[in-house]
Amino acid sequence: MQFIRKKDSKVEDLLMKDRVDFIYPADYSENTGLDLTVKNIIRKMAVCGLLYDENHEQKKEILGR
């Protein structure tokens with residue numbers, strides 16, 4: 001997945017200084033880099049939430065013994 005590279009040193013500087021995680025043109029069309037990255041972030045959030053819940057339930061089981 002690549003972003004379309006325009007000469008925008010301000011935006012690139014934000015990325016290089018870890019002020020943002022990704023840079024993409026504001027193209028919200030299906031299957032663009034932005035679209036796919038946003039969907040991946042949502043999937044990551046869902047998985048992290050499920051794993052957190054599983055961990056929490058296991059700890060409750062241990063405390064309940």
Over all pairs of distinct alpha carbons, what does the Kirkwood formula give as the hydrodynamic radius of the chain, in Å? 14.7 Å
Mind checking the dipole of the chain: about its Cα centre, +1 per Lys or Arg Cβ, -1 per Asp or Glu Cβ, Debye to the nearest 20? 160 debye
Compute, for Val47, the solvent-accessible surface of its heavy atoms (probe 1.4 Å) with the complete set of protein chains present, and express it in square angstrom to the nearest 10. 80 Å²
Of every hundred units of 1.4 Å-probe accessible area on the chain, the number belonging to carbon and sulfur atoms, as a percent, is 57 percent
Of the options Cys48, Gly33, Val11, report the single residue whose Cα projects farthest towards the positive end of the charge dipole of the chain (beta-carbon charges: Lys, Arg +1; Asp, Glu -1). Val11
Under 18 Å from a point 7 Å along the Cα-to-Cβ line of Val11: which residues of the range 28-65 have their amide N that close? 28-39
Helix 33-64 vs. the chain, principal-axis angle (Cα, 0 to 90°, nearest 10): 20 degrees
In the range 3-65, chymotrypsin sites (Phe, Trp or Tyr not before Pro) in a DSSP loop with at most 12 other beta-carbon atoms within 10 Å: Tyr28
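The values are calculated or read from the model by the stated rules, or taken from the named source; none is laboratory data. Everything quoted here is computed from the prediction, not taken from an experiment. Positions of Cβ are generated from backbone atoms using ideal geometry, with glycine treated the same way; all protein chains shown enter the neighbour counts. Please note that ligands, DNA and RNA were not included when accessible areas were found on the heavy atoms of the full protein model with its side chains. Shrake-Rupley method; radii C 1.70, N 1.55, O 1.52, S 1.80 Å.
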